[in-house]
Amino acid sequence: MRSIRQGAAVLALLAAGCSQRPAEERALKDLRVGQVDANGVSFTVEDGLAVVRKVEPGTLTLWGSAPAFHVRAVSSAGASEEWTVVVRNAMPDAELSALVGGEPLLVEALPEGPLPTVKTWKVRVPAGAEARLTVAPPLWDQPAPFRFAALADVQEAMPRVGDIYRRINADPTLRFIFFSGDLTQRGSVEELEEFQSRLLESRIPLFATLGNHEIITLHPRYHEYFGRGNLHYTFQGVHFTMIDSGNGSLDPRAEEMLDGWLAAGREAVHLLGTHIPIVDPIGVRNGAFASRNEAAALLAKLANGKLDLTLYGHVHSYYSFSNAGIPSFISGGGGAIPEQFDGVGRHFLAVEVDPAQGVRTVSLVRVD
Amino acid sequence: MMVRLWVLALVVLALVVLPGAVQAQVCEAQAVAEVPAQALPVRGEPMAGDQEVPTRPRFEVLPAAVSVVPGLLLHGMGSLVAGDTRTAGRHFLLQGSGLGLLVAGGIPIAMSGASRRVIGPLYAMTLTGVGILSISTLANLYGAVSPAFPPGQVARHLPPLELEAGYQHVVDPAFDYRHFVSVGALARLNRVRLEAGVRLSPDEGNLRVRVGGAYRLLGAPEGSRGRQDGTALDLEAAALAHRYPAEVFTLAGGELFLRGRYDMARFSPRMAGSFAEMGVGFAMQSYIYTGPVDDILFEQLLFSFGYGVYLGRGGPFRGEAMLYYDHRKDDFPGGIKAGGGVPGFVGLRGRMLLSGPWGVAAELQAGSAVVGRVSLIYALGGEP
């Protein structure tokens, strides 16, 4: 039965590949991430930067997809007012603030549990009011240098990914993990659950886009767990964009979003992550976009948008190169079958970025 | 250099797997004579026409049905049921060779993590396997139905110069362009073939120009085949420039390609009128952007295979049609959006001279984009 399901999944993938817009449905799913109505309150995570994981009477549980995000809560008359907000995959120093008509609401931080990335607050959203909640670490919107880790391609190596998290935990300056796809081998619910549970070993959150392995399964559930494939956020003056290249292409809907994000980040330091490299420096392999001309058009757009860095996964090795003049790194060191004869092995990148100067350093950190 | 030698060796290997390919210059009559008479069911009628064609098997429903089920899984079953054990054996050999090459190339790719050190030859080997398997599949189907109709014949003489003009339609979600004017020229000078093609989108200004040539290493020149069959080996070279003014970049590059064609009548009289093609090559290209200049010269593995049929039977109507796979990612169709950027595109093309100097060509390609093209051909000289 399992082999039949796998065969059907492969056929579905091939059929999707023959479609000209196989990622369109996922781009539409992106637009629905972070929305829920519960107990008379309509919650909307702005820009879909968190997933609604669970709603119970008086409790909203979110999975953060960015270091900082806002939630609009529109409460109807007679709606529940007391809400417990649980945010998983949050920045360890994240705080919740809430405003109604410019006036702050009283927020109570509940005692922290053993996991630094799970935060819980209580807030009272007055019935009939519209509140804006912000989940973010202090000074998240103030330009300042910081470091983060870039990782991709864990796939079948989930049982060993704890080694990587321990290595990341050993560097207290890394603020979050920027993950460029292929969390799992097939994108099944069991694997998504396992990835999530093993992520508990990390002291910092992981913000991801999906890879081609997340869409091998017949009914991909990635969005329900980790959120949007195409997303954009800012942190300490730096713009981060992730795009869904799971099919070796960018859907036109996602490209429209990208246009807006490039315009927003044009005058700032702007980094882009995606799973499948737009171009592969090893051309005969072409572990890259399916159409080189689409890739070139996208790169021309990124260069015109004054992008500062592209980070890719998919190829299980480390490459440093330039595409359309934009510094670029492939870092697929999460543990999936490594590229042989390259002397690299499991690794991640430590990226130091300064909103005033740009990308300062990108360092290869070996795990094995 | 080592990689290119490997690639060349694999093409030769693929051609050798097809029995008799190294004898490409042997005339068709001789080739037909090489097929042992006892391998042929002698139940059919001899073909009409002035070209010498062996006795062909009669169409039978059961072998045709068996060629589909279970023949699509085990090629040659239809021939076996029809009593043509020699063709069946060659099918088994062909399918087995394809599977073997696919496994021999595919497993090391997976185990090596598609290592940059070995990926070129391994992809070429894997694609050779896929190509042979595909050719075997199509030959198996063709062999099942071909007894139902008289086969086409390779054109004995093609014009020294063909000019064409047409229309190309492209549906690509990544680009706004749709309509293209397509013009081209093809000259045949004994063993040398020169080609040029231009695609221009008047609305977008998108312009693709490709000029190239080929030298026939083995096989009769297209312009004067006489009684020789279409089996041939060509070395091709081309230069390409593709300007994208709306997206503000230009692609420029050059390529070398070794293309082999094998007349399938050599494989079995059941396959008379059909041919298989396979080729491998290498392209170097650069994408040129305004402002920042990219510092990488990109390489590309070129590989194609296909199965086709000859159209016409010795009269003025002559041409061919072919279903094919092309591994390149830099043409209008791009690659299929599955498989992490690895697959190329599939296509179906036909080119035929109809009457007098006039002919038509048509092509349909599907990858990241769908491309359709129809052209009117004007031929100078080369009457049959």
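The values are calculated or read from the model by the stated rules, or taken from the named source; none is laboratory data. Everything numeric here is computed off the predicted structure, so don't read it as measured data. Cβ coordinates were reconstructed from backbone atoms using ideal geometry, including for glycine residues, and neighbour counts include every protein chain displayed. Accessible surface is based on the protein model in full, side chains and every heavy atom, while ligands, DNA and RNA are left aside. Shrake-Rupley method; radii C 1.70, N 1.55, O 1.52, S 1.80 Å.
Before moving on, here are some points about what is shown:
- Pair A:Asp93, A:Glu25: separation of 7 Å Cα→Cβ label points (nm): 4.3 nm
- Estimated FRET transfer efficiency (A:Leu139, B:Arg227; beta-carbon r; R0 60 Å; 0.05): 0.10
- Qualifying lysines (Cα of each under 25 Å from Cα of A:Lys29; at least 8 residues distant if same chain): A:Lys54, A:Lys301, B:Lys337
- Paramagnetic label zone (point 7 Å from Cα along Cα-to-C-beta, A:Glu130; backbone N under 13 Å) in region A:74-102: A:74-76, A:100-102
- Simple label model, 7 Å out from Cα along Cβ direction - B:Val145 to A:Ser42, nm: 5.6 nm
- Close amide H pairs (under 5 Å, H built 1.01 Å from N) link A:Phe235 with A:Phe240, residues at least 5 positions away or on another chain.
- Karplus-derived HN-Hα couplings along region A:341-356 (A = 6.51, B = -1.76, C = 1.60, θ = phi - 60°), whole Hz, x at Gly and Pro: 6, 10, x, 9, x, 5, 6, 9, 9, 9, 10, 10, 10, 10, x, 8
- Rounded Å value of the spacing that divides the Cα centres of region B:162-227 and region B:296-338: 12 Å
- Packing order of peptides A:132-140, B:225-233, highest average first: B:225-233, A:132-140 (average count of other Cβ atoms within 10 Å over each peptide's residues).
- Nearest-0.05 FRET efficiency for B:Arg58 and A:Arg32, computed from C-beta distance (R0 60 Å): 0.45
- Taking amide H atoms as placed 1.01 Å from N in the peptide plane, the amide H of A:Gly34 lies under 5 Å from those of A:Val52, each 5 or more residues away in sequence or on another chain.
- Note, ³J(HN,Hα) from phi for region B:183-191, Karplus 6.51, -1.76, 1.60, rounded to Hz, x at Gly and Pro: 10, x, 9, 9, 10, 10, 10, 6, 8
- Net +/- balance of residues flanking A:Pro67 in space, Cβ distance below 11 Å, scoring K and R +1, D and E -1: -1
- For chain A, DSSP calls about 70 percent of its internal beta bridges antiparallel.
- Region A:272-368: Rg to Rh, with Rh as the Kirkwood radius over Cα pairs: 0.97
- Accessible surface buried once B binds A (1.4 Å probe; total of both sides; Å²): 3700 Å²
- Under 9 Å, Cβ to Cβ, from A:Gly305 - net charge with Lys/Arg +1 and Asp/Glu -1: +2
- Using heavy atoms of the protein chains and a probe of 1.4 Å, the accessible area assigned to A:Val359 is about 50 Å².
- Residue-count net charge about B:Ala241 - beta-carbon cut-off 12 Å; Lys, Arg +1, Asp, Glu -1: +3
- Cubic angstrom per residue, convex hull over Cα atoms of region A:34-136: 81 Å³
- In this structure the protein assembly as shown gives 38 Å² per residue of accessible area when probed at 1.4 Å with all protein chains present.
- D (Stokes-Einstein, µm²/s), Kirkwood Cα radius, region B:271-359, 1.002 mPa s at 20 °C: 136 µm²/s
- Cα convex hull, the protein assembly as shown: 166 Å³ per residue, rounded to a whole number.
- FRET efficiency for the pair B:Ile288 and B:Leu99, taken as 1/(1 + (r/R0)^6) with r the Cβ-Cβ distance and R0 = 45 Å, rounds to 0.60.
- Karplus-derived 3J(HN,Hα) values for region A:163-169, using 6.51 cos²θ - 1.76 cosθ + 1.60 with θ = phi - 60°, are 4, 5, 5, 5, 5, 5, 4 Hz; glycine and proline are entered as x.
- Over the residues of the protein assembly as shown, the helix contribution to mean residue ellipticity at 222 nm works out to -7000 deg cm²/dmol, using -39500 (n - 2.57) for each DSSP H run of at least 4.
- Three-way shape call for region A:146-366 based on the alpha-carbon gyration tensor, with the a/c threshold at 1.5: rounded
- Annotation: extensible slack from B:Phe317 through B:Ala237 equals 25.9 nm (criterion: 0.36 nm per residue apart, minus Cα-Cα distance).
- Amide H within-cut-off set for B:Leu354, under 5 Å, with H built and near neighbours excluded: B:Gly359, B:Val360
- For region A:191-269 versus region A:112-139, the spacing of their alpha-carbon centroids is 23 Å.
- Alpha-carbon centroids, region B:74-115 and region A:273-337: separation in whole Å: 36 Å
- To put it simply, the accessible area of the protein assembly as shown at a 1.4 Å probe is 61 percent carbon and sulfur.
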